[in-house]
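The values are calculated or read from the model by the stated rules, or taken from the named source; none is laboratory data. What you see is a predicted model, and the numbers here were worked out from it, not measured in a lab. With ideal geometry, Cβ positions are generated from the backbone for all residues, glycine too; neighbour counts draw on all protein chains shown.
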Ligand SMILES: N[C@@H](CCC(=O)N[C@@H](CS)C(=O)NCC(=O)O)C(=O)O
């Protein structure tokens, strides 16, 4: 079973997850759910998707994940996994072909540390444009984002590689990508003017098949954001 339109309270619970598959509860414009979608595509995992209406959630979804958040994965055995980095690590371990995380403990720790640092500013990609629309002062948030993007750029300069952990794409690239896909959504492109390596990384990412499979156009992101910013998100925009 797979749905595109988001399901609401009162929608019957979907049947069990087929044995050779995994299920993703998602929302089409969620950057966190996109992380999981990127990993599912990159690893060629068979999955179905159920999009949840996050303002009118089905009761059975809240029973599976009391936090009521996407991404949430469900396995054929009825195991439920949530929090985007955890879902992605789970997939990398449960489907060992084409590993996305490094094999050494330090390699894994290095990527997790990078993600942890980025998590302090990831929501700035939303907060800055929302607050700008409300006419609020965003100079503090802008300064924080600038520092963080400069650090990412410096990392790429030092490493001299196409991606964050080498010349091939790995988990950390997929964890960061959804926010950079949305840079035009919030008119944040000027932030890349002083980070040329990050700009190049973005161009390399756009060539990746998993990115291509999960991307929304700038126009769609902008249209979704317009509703989101005034607390009227249209989860089914474009369908
Ligand atoms: N820390 C979570 C964040 C996920 C998240 O914020 N998802 C949003 C949609 S983009 C959500 O499910 N919101 C529903 C709610 O808060 O009720 C993760 O990494 O998975």
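For the range 52-63, which residues satisfy the criterion of being more than 11 Å from the ligand (Cβ to nearest atom) and surrounded by 18 or more Cβ atoms within 10 Å (Cβ to Cβ)? Spell out the reasoning first.
We begin by selecting, within the range 52-63, every residue more than 11 Å from the ligand (Cβ to nearest atom); these are 58-60, 63.
The one that is more than 11 Å from the ligand (Cβ to nearest atom) and surrounded by 18 or more Cβ atoms within 10 Å (Cβ to Cβ): 58.
Could you tell me whether residue 169 is assigned by TED's automatic domain parsing to the domain that holds residue 119, in contact with a strand residue (DSSP E or B) (Cβ under 6 Å, 6 or more places away or on another chain) and in contact (Cβ under 8 Å) with a residue 24 or more places away in the chain? I'd like the intermediate steps shown before the answer.
Values: assigned by TED's automatic domain parsing to the domain that holds residue 119: yes; in contact with a strand residue (DSSP E or B) (Cβ under 6 Å, 6 or more places away or on another chain): yes; in contact (Cβ under 8 Å) with a residue 24 or more places away in the chain: yes.
Against the criterion (assigned by TED's automatic domain parsing to the domain that holds residue 119, in contact with a strand residue (DSSP E or B) (Cβ under 6 Å, 6 or more places away or on another chain) and in contact (Cβ under 8 Å) with a residue 24 or more places away in the chain), residue 169 qualifies.
Let me confirm something: among 236, 187, 173, which residue is in a loop (DSSP other than H, G, I, E, B) and closer than 26 Å to residue 154 by Cα?
Values: 236 fails: closer than 26 Å to residue 154 by Cα; 173 fails: in a loop (DSSP other than H, G, I, E, B).
Going through 236, 187, 173 in turn, just one is in a loop (DSSP other than H, G, I, E, B) and closer than 26 Å to residue 154 by Cα: 187.
Evaluate the range 10-21: report whether one residue or more is in a loop (DSSP other than H, G, I, E, B), on the phi > 0 side of the Ramachandran plot and in the same structural domain as residue 237 (by TED's automatic domain parsing). Please lay out each step first, then the result.
So in the range 10-21, the residues in a loop (DSSP other than H, G, I, E, B) come out as 10-21.
With on the phi > 0 side of the Ramachandran plot added as a condition, the list becomes 10.
Remaining after also requiring in the same structural domain as residue 237 (by TED's automatic domain parsing): 10.
Yes; the residues of the range 10-21 include at least one that is in a loop (DSSP other than H, G, I, E, B), on the phi > 0 side of the Ramachandran plot and in the same structural domain as residue 237 (by TED's automatic domain parsing).
Just checking, which of 32, 25, 90 is closer than 26 Å to residue 170 by Cα, part of a helix (DSSP H, G or I) and touching a strand residue (DSSP E or B) at 6+ places or on another chain (Cβ under 7 Å)? Reasoning before the result, please.
Numbers: 32 fails: touching a strand residue (DSSP E or B) at 6+ places or on another chain (Cβ under 7 Å); 25 fails: part of a helix (DSSP H, G or I).
One residue alone meets the criteria, 90.
Quick one: would you say residue 66 is within 16 Å of the ligand (Cβ to nearest atom), assigned to a loop (DSSP other than H, G, I, E, B), more than 20 Å from residue 228 (Cα to Cα) and without any contact (Cβ under 8 Å) to a residue 12 or more places away in the chain? Outline the logic, then answer.
Values: within 16 Å of the ligand (Cβ to nearest atom): yes; assigned to a loop (DSSP other than H, G, I, E, B): yes; more than 20 Å from residue 228 (Cα to Cα): yes; without any contact (Cβ under 8 Å) to a residue 12 or more places away in the chain: yes.
Spelling it out, residue 66 is indeed within 16 Å of the ligand (Cβ to nearest atom), assigned to a loop (DSSP other than H, G, I, E, B), more than 20 Å from residue 228 (Cα to Cα) and without any contact (Cβ under 8 Å) to a residue 12 or more places away in the chain.
Among 55, 112, which is within 20 Å of the chain's Cα centre (by Cα), part of a loop (DSSP other than H, G, I, E, B) and modelled with pLDDT of 95 or more? Write out each step before concluding.
Values: 112 fails: part of a loop (DSSP other than H, G, I, E, B).
Answer to the selection: 55.
Out of 40, 101, which single residue is more than 8 Å from the ligand (Cβ to nearest atom), within 22 Å of residue 179 (Cα to Cα) and surrounded by fewer than 19 Cβ atoms within 10 Å (Cβ to Cβ)?
Working: 40 fails: surrounded by fewer than 19 Cβ atoms within 10 Å (Cβ to Cβ).
The match here is 101.
Checking residue 137 against (1) outside any helix (DSSP H, G or I); (2) surrounded by 14 or more Cβ atoms within 10 Å (Cβ to Cβ), which single condition isn't satisfied?
Answer for residue 137: the failing condition is (2).
Given the residues 71, 76, 85, which is the only one that is over 23 Å from residue 207 (Cβ atoms), more than 8 Å from the ligand (Cβ to nearest atom) and not assigned by TED's automatic domain parsing to the domain that holds residue 118?
Only one candidate passes the filter, namely 76.
Among the residues of the range 190-199, which ones are farther than 12 Å from residue 164 by Cβ and either in a helix (DSSP H, G or I) or in the same structural domain as residue 41 (by TED's automatic domain parsing) (or both)?
If we filter the range 190-199 for residues that are farther than 12 Å from residue 164 by Cβ, which is where we start, we get 190-196, 199.
Those that are farther than 12 Å from residue 164 by Cβ and either in a helix (DSSP H, G or I) or in the same structural domain as residue 41 (by TED's automatic domain parsing) (or both): 190, 191, 192, 196, 199.
Looking for something surrounded by 13 or more Cβ atoms within 10 Å (Cβ to Cβ), over 18 Å from the mean Cα position of the chain (by Cα) and more than 20 Å from residue 196 (Cβ to Cβ) - is there at least one such residue anywhere in the range 146-160?
no
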